[in-house]
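None of the figures in this text is laboratory data; all of them are computed from the coordinates on show. All of these numbers come straight from a predicted model, not from anything done at the bench. All Cβ positions, even for glycine, are placed from backbone atoms using ideal geometry, and neighbour counts span all protein chains on display.
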Amino acid sequence: MNLDYEKILADYERAKEVYKDFGVDTDEVLSKMKGISISLHCWQGDDVTGFEEATKGMGGGGILATGNYFGRARNGDELRSDLEFAMSLIPGKHKVNLHAIYAETDGKKVERNELSIDHFEKWLKWAKERDIGIDFNPTFFAHPKAQSGYTLSSTDTEIRKFWIEHGIKSREIASQIGKELKKTCINNIWIPDGSKDFTAKRYEHRKILKESLDEIFSASVDKTYLVDSVESKLFGIGSEAFVVGSHEFYMGYVFTSKHDIAICFDLGHFHPTESVADKISSVLAFSKKVLLHLSRGMRWDSDHVVVLNDEVVSVSQEVKRADAFDRVFFALDFFDASINRIIAWVTGARAALKSILYALLEPTHLLNEAEEEGDFGKRLALLEEFKTLPFGAVWNKFCYESNIPVGNSWLDKVKEYEEKVLKSRI
Ligand code: RNT
Ligand code: ZN
């Protein structure tokens, strides 16, 4: 589909009138959309491999990119070039999310507890030139010291110390990244700790994790641009019976900590019938900030590419209805190695942005009014009506205004890139 400007504009003008009848100003919504930034995870581009020579391909921690599509980025330059290309197909200005394993150390072996901002120079320079922000994650998996299944909650003091040091180093790096770029940098802690089978010392591991987090968050690090967050999980491959950092654990931790820490909700980290959308307002009542990892579980935490499904839409609607776009950070978290990785990035990012636009276009005031009147039949009927408003025409206008291919014409560009760039990586 290749739409010309006349048609995009005409469709938009008609849609604008329809939304106006419902009391929504689409021009205003489009200008809000321009200020929305999501975090694009670098790890979709290389199947969460990273650049550490010693641990490349080691995997572990229960996260697993399946598939063998050609063209995986093999180094920083390839990954940045792929990301940059993906960003040219995603409307808006977005951040990039890094993991510690994406450090570039010039062939030198640098242990994770010795990392510094210097090892992210290339990423910083690249981001500065493009005026984009960077988020950060310590990497507590794919490492010999994580093979026991425990890191920050390990009963082995040496192992635990190593990971605490890594946690502190990562906060320092994130703080400096934020300062350099003058943009918020979220440092999200996710640890794989847990066990495949029935575990007796659950309480002990959780007490140890609490103490480790206390040490990490007590380290004096400038928080001008740094936002700390912690991510829970229900189970993982190899941690089916016990996950130390459960949702309850982190809720308790964040709400009672003297430090300002956000909760991260990954859409794949809950029981399949649980609604993450409904958790947002509960947590916002107690916590200043929330981080979202948009993902798509398929029967389990499978990290499938995000699509515009009910779950993602409900999440965005909750943020819109709570007027909390300044307190809720959107990040992507999936890894599919079975399809072209750029298609995965672009599809997921566009779907996430579509859900936000869809939510912003919702005539929420009409729902509120119906609720205030106690007319719940009207509320239900309106919700159904909203589903078929001409959202697509506004989305196309957003892409067009952002100088991004409209409709699926971006696919042709990916195919060209595949031929020219990705094929040579075989
Ligand atoms: C794992 C978590 C975590 C990772 C990334 C790579 O289950 O979702 O966020 O996917 O940090
Ligand atoms: Zn996640």
Hydrodynamic radius by Kirkwood for region 371-426, inverse mean 1/r across distinct Cα pairs, in Å, is 15.0 Å
Quarter of the surface of the C-alpha convex hull for the chain, i.e. direction-averaged projected area in nm², equals 21.1 nm²
Descending packing, highest mean Cβ count within 10 Å first, for 301-309, 318-326 is 301-309, 318-326
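What FRET efficiency comes out for the pair Asp214/Leu124, r = Cβ-Cβ distance, R0 = 35 Å, nearest 0.05?
Numbers: r = 30 Å, r/R0 = 0.85.
Calculated transfer efficiency: 0.75.
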Rounded to 0.05, the calculated FRET efficiency for the beta carbons of Lys196 and His365 at R₀ = 51 Å is 0.50
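At 27 Å minimum axial length over the Cα atoms and a Kyte-Doolittle cut of -1.0, report the qualifying DSSP H helices in the chain, or say none.
Flagged H segments are 157-181, 341-360.
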Counting only DSSP beta bridges with both partners in region 36-362, the antiparallel fraction in percent, to the nearest 5, comes to 10 percent
With region 9-158 reduced to its Cα atoms and the Debye formula applied, log10 I(q)/I(0) at q = 0.19 1/Å amounts to -1.18
Counting only DSSP loop positions in region 1-101, the chymotrypsin sites (Phe, Trp or Tyr not before Pro) whose Cβ has at most 15 other Cβ atoms within 10 Å are Phe22, Phe70
Cα extents of region 188-328 per principal axis, largest first, Å, are 39, 39, 22
With x for Gly and Pro, the residue-by-residue ³J(HN,Hα) of region 42-59, computed from phi through the Karplus equation 6.51 cos²θ - 1.76 cosθ + 1.60 at θ = phi - 60° and given in whole Hz, is 5, 6, 5, x, 9, 6, 6, 8, x, 10, 5, 4, 5, 10, 3, x, 5, x
Rounded to the nearest 0.05, FRET efficiency between Ser424 and Asp25 (Cβ-Cβ, R0 51 Å) equals 0.60
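Based solely on its DSSP helices, what 222 nm [θ] is calculated for the chain when runs of n ≥ 4 H residues each add -39,500 (n - 2.57) and the sum is averaged over all residues, nearest 500 deg cm²/dmol? Kindly include the intermediate steps, with their values, before the conclusion.
Details: 14 runs with 184 residues, N = 426.
So the helix-based figure for the chain works out to -13500 deg cm²/dmol.
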Computed about the Cα centre, the charge dipole of the chain from +1 Lys/Arg and -1 Asp/Glu charges at the Cβ has a magnitude in debye, to the nearest 20, of 800 debye
